[in-house]
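Since the structure comes first, as structure tokens, the remarks are kept for the end.
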Amino acid sequence: MTEKNHLQKVLSSKTLKSYKDKKLNSANFGDFSHSDYQVFLHLVSKLGGVDEFGKYLQPEQLQREHILTAKEFSEVFNCDIHNSYRMLHKSCKKLMKTSINLEKIELNEIWEINICSTAKYNKKEGRITVKFTDDIMPYLAQVRKKFVLYNLKEIANFGSLHTTRLYELIQEFKETGWMLKSVDQLRKIFAVGHNKFKLYGNFKAKILKPACQEINDQYDMDMRFEEIKEGRKVVAVKFLFKKTLVHKVTNRKTGIEKNVYVKPKARKGIKKKKESIPEVLEGQLSFDDLKNDPTSMKSVMSSLLTKFFPPKK
């Protein structure tokens, strides 16, 4: 029998979700670009699911090999389809040669774990096929209180890897409204080490402030941070943000109680990255301008009516 025949039937969520162990959520992903990380998250979202009884499946029960098409990636992350082909091709190579640095505090060790054992790019069909390694699967296990969960659409419009990583980090503390990380921890998570942005002031200006600003631009999060000092040196950063509200809801038929999470709302008017600017000649108004300006719309409609139904002399 093949490996597939041993696997239980997986009931997948209609909404793509990222499931990651908290340790993997804080891991160093080396020289991953933003698109590399998005491809990784999209592949991870294909692992998630429950069995026929609604229980999360264990690593050995999950399918390791998954296909991601350029069309799928384009639709989720709102990017041009042609760029999606290029991103998948590039990320396919990166996934194969990159190992994740994972700190095992309880063992006083740092582990290097390969992400996948095989990665294939099909140029004709515009898709990649990736098989996750046995070593990484336990960190993608869906164990309650051990993994971080969020919908991929929540991070789809972020333009920076640092923003995406910071947003992921605060999901672990979404019910508290605050998170404390040492500067050394943040440097490892954001993969900047001590050679890049050596001065904390540069690290703050280039990474922390822009990431917080982009989160606030897209969500009603009120994201900010406070610096913790030892003497004059900043050694840690405390992030503050609006809490995710938790409501307990009971299913009337089954009597089973579950938590419903209400996150800070996304701000209105956030344009998706793949939306193109309407072709409008200089001095003309776009249709969106007309919708927002009743006077202009009325003037245009009046001109059209006059053209097709000229006034009788």
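Derivation of every value follows stated rules applied to the coordinates shown; laboratory data play no part. The model shown is predicted, which means the values in this text are computed figures rather than measured ones. FYI the Cβ positions are ideal-geometry reconstructions off the backbone, even for glycines, and counts take in every protein chain you see.
Some points to look at:
- Share of alpha-carbon pairs per 10 Å distance bin for the range 84-155, given as whole %: 17, 35, 37, 10, 1
- Using the alpha-carbon positions of the range 158-274, Rg (one decimal) and Dmax (whole number) come out as 17.2, 60 Å.
- With a threshold of 24 Å on the Cα-Cα distance, the over-threshold entries among 17/198; 94/188; 17/204; 104/242 are 17/198; 17/204; 104/242.
- In this label model, residue 266 and residue 213 are separated by 2.2 nm, measuring between points 7 Å along each Cα→Cβ vector.
- Out-of-range pairs (alpha-carbon distance over 23 Å; input 97/131; 153/268; 131/196): 131/196
- Of the peptides 37-43, 206-212, the order by per-residue mean of other Cβ atoms within 10 Å, starting with the highest, comes out as 37-43, 206-212.
- Exposure proxy ranking, count of Cβ atoms within 10 Å, fewest first, for 176, 164, 69, 254: 254, 176, 69, 164
- Short to long, the 5 Å bins of the Cα pair-distance histogram for the range 89-213 hold 2, 8, 13, 18, 22, 19, 12, 6, 2, 0 percent of all pairs.
- Computed on the range 158-274, with alpha-carbon pairs under 8 angstrom and 6+ residues apart, the relative contact order is 27 percent.
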